[in-house]
Amino acid sequence: MPGSRHTWGMTTFTYMANPTRVVFGTGAVAAVSDEVLRLGASRVLLLSTPPLDTAAGAVRRALGPLLAAEFDGAAMHTPVGVTEQALRVLRDCNADCLVAVGGGSTTGLAKALAVRTDLPQVILPTTYAGSEVTPVLGETSDGRKTTRSSPAALPETVIYDVDFTLSLPVDMSVCSAFNAMAHAVEALYSPQANPAIDSMALGAISLIAAALPVIVIDPGDIAARTNLLQAAWLAGTCLGTVGMGLHHKLCHVLGGALDLPHAQTHTAVLPHVMAYNAEAVPDIMARVAAALGVSHAPDGVFDLIKVIGGPVSVQQLGMAEKDIASLARQAVAASYPTPREPRVAGIEELLWNAWRGNRPSGDREVPDVSLLTYQVAASFDDAPDVRGRRLVTSLVRHLHGFVVENEVTQAEWHRGIDFLTRTGQICDAGRQEFVLLSDVLGVSSVVDVLANARTSETTPSAVLGPFYVEGPPVMPCGADLAAGLPGIPMWADMIVNDLDGQPVAGATVDVWQSNEDGYYDVQLPDLDGPVLRGRFTTDDEGRLAFWSILPSEYPIPDDGPVGQMLVATGRHPWRAPHVHFMISAPGYRRLITQLFVAGGRYLDSDTVFGVKQDLVVDFVPRHGATPDGRPVNGEWRLLTFTFVIGKD
Ligand code: NAD
C-alpha cells in the first residue's frame with residue numbers, strides 16, 4: 001500500500017485516487033449501453049443471482065443487442081469453481097465486456113473473471129458492500145479464502161441505480177450499511193489516512209446514521225436510499241484507497257473459520273473493535289461521534305444497530321463461546337496495522353463482548369427513541385395544511401427531545417398531565433389559565449417579540465394577557481372608563497399615526513385595565529357589567545381621549561395551577577402597572593400593546609415578562625385644571641402617547 005506508515009496522528013500522506021468512472025442516480029441503468037460502448041465493447045456477459053432477476057431484467061432490456069450471454073450463478077465468497085463455470089460461458093459467447101448486477105458476491109465474480117481475462121467491467125451494485133470501487137478480490141478454494149489486490153480487478157465503470165436498492169430487504173440493508181460504515185471507520189485510523197478519505201469516511205458515517213432509521217420505517221424512501229447508496233460509494237472508495245485494520249481482519253477470520261454471514265458479522269463486531277481502538281485514537285473517535293451525532297462513538301454505533309433491529313451479538317449469528325480463544329489467537333497472529341496493539345487477552349475480551357452483545361462502554365443504555373420520533377412525525381405526512389404539518393411535527397420532535405434530555409419519569413409525566421388537566425378545568429369565559437401559563441413561561445412574549453421584530457418601526461407590541469374580553473362597550477371621546485371607581489384620576493390623550501406620521505382616522509381602540517386594587521372586572525363577580533374597559537374610535541386627527549384611573553401593580557390570578565407553580569418555584573405573581581390597548585384599522589396590522597407606568601413596581605421582574613423599555617411612559621402628576629374642564633380635587637395624571645401602526 002503506497003504511503004504505508006504506522007504513524008497515527010501525523011499529517012504526511014500519499015494519495016492516489018482509483019480511476020473508476022461513476023454514474024449515479026435513479027434510473028441510471030439506462031446508461032448501461034452507452035457505458036459499454038464507451039469501453040469499446042459490444043458483446044456483454046451479464047452476471048447476476050436469481051433474487052435479482054427483476055434488476056437483471058432491467059439491465060437486459062437496457063443492453064438490448066449488446067447482450068451476448070448471461071450467468072446467474074454468482075455465490076458468496078467467490079468460489080473458484082463458480083468462476084470456472086462462468087469462464088466457460090464467457091468463452092463460449094466470446095464476450096468482450098462484463099456487466100454485473102448484484103451485491104458484493106456478484107461483483108466478486110466479475111472481478112475474478114476480469115483478472116483472468118482482462119475484460120472491462122461495468123458494475124451495477126444492489127447492496128452497500130462497496131466492492132465495486134476497490135481493486136481487491138477475495139476468492140475461496142478448498143474452503144480457504146485468499147485475497148489479492150490487482151488493477152485488473154478494479155471495475156472500469158460503476159452505475160449506481162438507486163432503484164435497484166429498493167428491493168434489498170430491510171435486515172440486509174441495515175447490515176450492508178454497517179459493512180460500509182466499518183470501511184469508513186477503519187479508513188479514519190488507517191496508516192494511509194488522508195484528508196480526502198477522512199471527509200469521505202465522515203460523510204459516509206453521517207449519511208448512514210441519518211438514513212437507516214428512515215429505511216427501517218419506509219424501505220422505499222428514495223431520499224434515504226439515495227443517501228445510503230452515496231454512503232456506500234464513499235465508504236467503498238475509502239476501502240479501495242487506504243488499508244483496513246483489526247475490524248476487517250477479525251471479520252475475515254470469523255467468516256473464514258465459522259462461515260458467518262459477511263455483512264451481519266461486520267455489524268455485530270464493529271462497535272467492539274471501535275471500543276478496543278478508542279483509547280489509542282480518541283480524537284478520531286470524537287470525529288466519528290460527531291458524525292453520528294452522539295457523545296460516545298462505539299456506544300453510538302451499538303445503540304443505532306440495536307434500535308433499528310440489527311444483530312448486536314455474534315452469538316446470534318452462530319458463533320459458539322468456545323470459539324473465542326482460538327479466534328483471538330488467529331486474529332493476533334495475522335499481521336495488519338491497527339492503532340492499538342492486538343493482544344490475545346484484549347481480543348478475547350473484545351470477542352466476549354461481541355458474543356454477549358454487551359454495550360461497549362458497559363454504561364446503562366439510554367434507549368434511542370429516534371425511530372419512534374420519526375414514526376410519529378411521519379404520521380402527519382399527509383396533513384393537507386403544510387404549515388400545520390410543520391408545526392405539529394416540530395412540536396413532536398421538541399417534546400420527545402425534552403422527555404429524553406430530562407429522562408422524564410412516569411411519575412413526572414403523570415404530574416405534568418394532572419397539571420395540564422387542572423389548568424384546563426379552571427378555564428371558563430372569565431378565566432384563561434392557559435394564556436396565563438403561556439405568559440408566565442414567557443411563551444407569549446416570545447411570540448410577541450417575533451411578531452414585533454417584523455415591524456420594527458411601529459410601536460412595540462406586548463402580550464394580550466388573559467383579561468381581554470371581546471366586544472367591550474363603545475364609548476365616545478372623553479368618556480370615563482372608571483365610572484366612579486376609586487383611584488387617582490387619569491386623563492389619557494392619545495394619537496394613532498401611520499408610519500408616515502399621518503393620522504389614522506376611524507381606528508378602533510380597545511382599552512382595558514385593572515382597578516385600584518389590581519383586579520379586572522372579570523375577576524369581580526359582584527360587578528354588574530364591564531368596568532375599566534371600552535372601545536373608542538379615533539377622530540380625523542387620529543385622536544382619542546378618555547378618563548380612567550392610574551393603574552396599579554397586581555398579582556396575576558394565583559389561586560389556580562399556574563399560581564401553585566409560581567409558589568413551588570419561588571416566583572412572585574406580580575405584574576408591573578399598565579394599561580392595555582388593542583388598535584385595529586382597515587388596511588393596518590392590528591397592534592396589541594400595553595403602556596407601563598414609569599417608576600411603577602415590578603418593572604424589572606414583571607411575572608409575564610411583558611415590559612419593553614419603549615412602552616414605559618410617564619403618567620405625569622398634575623393638579624388643578626383638567627383638559628376637558630372636569631373638576632378634580634387633588635392629584636390627577638396625564639398620559640399622552642402617539643401610537644404608530646403599520647400597513648398590513
Ligand atoms: P451478497 O452480494 O452476497 O448478497 C446477499 C444476498 O442478497 C444475495 O442473496 C443477493 O442475491 C441478495 N441481494 C443483493 N442485492 C439485493 C437487492 N437489491 N434486492 C434483493 N436481494 C438482493 O452480499 P454483499 O454483502 O453485498 O456482499 C458480500 C460479499 O462481497 C462477500 O463475499 C464479501 O467478501 C464481498 N466483499 C468484497 C469487497 C471487496 O472489496 N473485494 C468489499 C465488500 C464485500
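Looking only at the stretch 71-96, residues that are free of Cβ contacts under 8 Å to residues at least 24 places away in the same chain and farther than 26 Å from Arg148 by Cα come to 1 in all.
Per-residue answers, yes or no, for (1) under 23 Å from Gly203 (Cα atoms); (2) at pLDDT below 95; (3) not basic (Lys, Arg):
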{"residue": "Gly236", "(1), (2), (3)": "yes, no, yes"}
{"residue": "Leu239", "(1), (2), (3)": "yes, no, yes"}
{"residue": "Met244", "(1), (2), (3)": "yes, yes, yes"}
{"residue": "Leu254", "(1), (2), (3)": "no, yes, yes"}
{"residue": "Leu260", "(1), (2), (3)": "no, yes, yes"}
{"residue": "Gln264", "(1), (2), (3)": "yes, no, yes"}
{"residue": "Thr267", "(1), (2), (3)": "yes, no, yes"}
{"residue": "Leu270", "(1), (2), (3)": "yes, no, yes"}
{"residue": "Ala275", "(1), (2), (3)": "yes, no, yes"}
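Would you confirm whether any residue within the stretch 479-491 is more than 22 Å from Tyr554 (Cβ to Cβ) and surrounded by fewer than 20 Cβ atoms within 10 Å (Cβ to Cβ)? The answer is yes; a qualifying residue exists. Any residue in the stretch 125-146 that is more than 8 Å from the ligand (Cβ to nearest atom), surrounded by fewer than 22 Cβ atoms within 10 Å (Cβ to Cβ) and in a helix (DSSP H, G or I)? So far as the stretch 125-146 goes, no, none of its residues is more than 8 Å from the ligand (Cβ to nearest atom), surrounded by fewer than 22 Cβ atoms within 10 Å (Cβ to Cβ) and in a helix (DSSP H, G or I). Filtered by the rule that a residue be within 11 Å of the ligand (Cβ to nearest atom) and touching a helix residue (DSSP H, G or I) at 6+ places or on another chain (Cβ under 6 Å), the stretch 171-189 gives Ser173, Cys175, Ser176, Ala177, Phe178, Asn179, Ala180, Ala182, His183. What tally of residues in the stretch 250-277 results from selecting those that are more than 14 Å from the ligand (Cβ to nearest atom) and more than 32 Å from the chain's Cα centre (by Cα)? Residues flagged as more than 14 Å from the ligand (Cβ to nearest atom) and more than 32 Å from the chain's Cα centre (by Cα) within the stretch 250-277 amount to 2. Residues that are more than 21 Å from Pro191 (Cβ to Cβ) and charged (D, E, K, R) within the stretch 278-321 comprise Asp299, Asp303, Lys306, Glu321, listed in sequence order.
The set of residues in the stretch 578-599 being modelled with pLDDT under 95 and part of a loop (DSSP other than H, G, I, E, B) consists of Arg589, Arg590. The condition of being buried (at least 24 other Cβ atoms within 10 Å of the Cβ), in contact with a strand residue (DSSP E or B) (Cβ under 9 Å, 6 or more places away or on another chain) and free of Cβ contacts under 8 Å to residues at least 40 places away in the same chain does not hold for Ala68. Cβ-Cβ distances below 8 Å connect the following pairs, each with a first residue in the stretch 97-116 that is closer than 19 Å to Ala68 by Cα and in contact (Cβ under 8 Å) with a residue 60 or more places away in the chain, a second residue that is of a type outside the set (Asp, Glu) and within 9 Å of the ligand (Cβ to nearest atom), and a separation of six or more residues or different chains: Val101/Ser48; Val101/Leu52; Val101/Ala55; Val101/Thr126; Val101/Phe164; Leu109/Ala74; Leu109/Ala75; Leu109/Thr78. Of all residues in the stretch 295-334, those being in a loop (DSSP other than H, G, I, E, B), β-branched (Val, Ile, Thr) and either touching a Pro at 6+ places or on another chain (Cβ under 9 Å) or surrounded by fewer than 19 Cβ atoms within 10 Å (Cβ to Cβ) (or both) number 2.
Of everything in the stretch 105-119 that's β-branched (Val, Ile, Thr) and surrounded by fewer than 24 Cβ atoms within 10 Å (Cβ to Cβ), which residue is farthest from the ligand (Cβ to nearest atom)? Per the criteria, the residue is Thr117. Within the stretch 147-158, if we keep just the residues that are surrounded by fewer than 19 Cβ atoms within 10 Å (Cβ to Cβ), of a type in the set (Ser, Thr, Tyr) and more than 18 Å from Ala74 (Cα to Cα), the residue that is nearest to the chain's Cα centre (by Cα) turns out to be Ser149. Checking each residue in the stretch 360-396 for being in a helix (DSSP H, G or I), surrounded by 15 or more Cβ atoms within 10 Å (Cβ to Cβ) and not aliphatic (A, V, I, L, M) picks out Ser370, Thr373, Tyr374, Gln375, Arg389, Thr393. Among the residues of the stretch 511-531, those identified as modelled with pLDDT under 85 and either among the charged types (D, E, K, R) or assigned to a loop (DSSP other than H, G, I, E, B) (or both) are Leu524, Pro525, Asp526, Leu527, Asp528, Gly529. Applying a threshold of 6 Å to beta carbon distances and a minimum spacing of six or more residues, or different chains, the list of pairs starting in the stretch 161-178 at a residue that is touching a residue at least 60 places away in the same chain (Cβ under 8 Å) and ending at one that is near the ligand (Cβ under 7 Å from one of its atoms) and part of a helix (DSSP H, G or I) reads Phe164/Ala55; Cys175/Ala263; Ser176/Ala263.
Taken together, the residues in the stretch 72-82 that are more than 10 Å from the ligand (Cβ to nearest atom) and within 18 Å of Val44 (Cβ to Cβ) amount to 1.
The values are calculated or read from the model by the stated rules, or taken from the named source; none is laboratory data. Model, not experiment: these values are computed from the prediction. For neighbour counting, all protein chains shown are included, and Cβ atoms are generated from backbone atoms with ideal geometry for every residue, glycine included.
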